[in-house]
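The values are calculated or read from the model by the stated rules, or taken from the named source; none is laboratory data. In this text, all values refer to a predicted model and were calculated from it rather than measured experimentally. Heads up, the Cβs are rebuilt from the backbone with ideal geometry, glycines too, and the neighbour counts pull from every protein chain shown.
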């Protein structure tokens, strides 16, 4: 009997060693519907990278009209993907958020016009379509800097607002809507486009954020989340066709109207934007230099010296 009891204890010990107990549950919300823009998170989930870290992660997409920040704010999700300018705007307004992973290193934003663009003054008195999730502070700072009077027309997504001629110019991302315009036969040569990065606004975009409260309560889980997500992105970079298989599973599951060709182009561009031009590396971290550039653009001069607006408080 004693021998049987010993064997039973050994088997139970092995079970608890191999099965994670009380895995940290985390809802992770991208900033948009299912697409290759978030491939690294899908990979980390599908291939079990999160589970290997003892995390129970669920990727929960928002609707077209909802922001990922609202999911964090209401407690629906513990981690969300946000654009840096959006996250900083909410941070400046008092939101206790911290950046735990910076995937984007280069800015994707472009303005596309049906008529030739001859410098920044070509935007004067134009109707410009912009996404709802883009920071109005960023747009206002650009307009003020160049003394532009423009009408910003908000929209949720797609390119129909431009194709229908509801706007003169449309703000697009190089990894998605710009590709859609090319596929629709719109002129996208150099005289019809304008890159934000060419005018001093090369702000990184997508990053992963949690609330300060969650970070302070579960610091190890946050580190594990960032590490597993980074691993997912690295795998996606090295195994692009297999990654596209995983992306298309997500796309079909959520009934998104797209195709593998478009998602392949998007994945290639997203991965390109994750490489820092100066270093040629993929650091997965928001640098102090990038943080300072963003605050100098988004904040009025008199607010920039606030002790609360510090790199160490925002980036973990």
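Considering (1) within 25 Å of residue 274 (Cα to Cα); (2) in a loop (DSSP other than H, G, I, E, B), the lone condition that residue 148 does not fulfil carries the number (1).
Taken over the stretch 250-297, residues that are in a helix (DSSP H, G or I) and touching a residue at least 60 places away in the same chain (Cβ under 8 Å) amount to 18. The sole residue among 126, 74, 46, 145 that is surrounded by fewer than 17 Cβ atoms within 10 Å (Cβ to Cβ) and either at pLDDT 90 or above or touching a strand residue (DSSP E or B) at 6+ places or on another chain (Cβ under 6 Å) (or both) is 74. Reported count of residues in the stretch 55-69, each being within 26 Å of residue 299 (Cβ to Cβ) and either surrounded by 22 or more Cβ atoms within 10 Å (Cβ to Cβ) or out of contact with any strand residue (DSSP E or B) (no Cβ under 9 Å at 6 or more places or on another chain) (or both), is 2. Considering the stretch 51-70, and only residues there that are closer than 16 Å to residue 156 by Cβ and part of a helix (DSSP H, G or I), the residue that is nearest to the chain's Cα centre (by Cα) turns out to be 68. Could you tell me which residue of the stretch 288-304 is farthest from the chain's Cα centre (by Cα), considering only residues that are more than 17 Å from residue 197 (Cα to Cα) and surrounded by fewer than 18 Cβ atoms within 10 Å (Cβ to Cβ)? Checked the stretch 288-304; the qualifying residue farthest from the chain's Cα centre (by Cα) is 302. Among the residues of the stretch 80-90, those that are surrounded by 23 or more Cβ atoms within 10 Å (Cβ to Cβ) and in contact with a strand residue (DSSP E or B) (Cβ under 7 Å, 6 or more places away or on another chain) comprise 80, 81, 82, 83, 84, 87. Scanning the stretch 217-263 for residues that are buried (at least 18 other Cβ atoms within 10 Å of the Cβ) and farther than 26 Å from residue 51 by Cβ gives a single hit, 258.
Annotation note: of 123, 139, the sole residue that is more than 13 Å from residue 209 (Cβ to Cβ), touching a residue at least 24 places away in the same chain (Cβ under 8 Å) and either under 17 Å from the mean Cα position of the chain (by Cα) or not assigned by TED's automatic domain parsing to the domain that holds residue 216 (or both) is 123.
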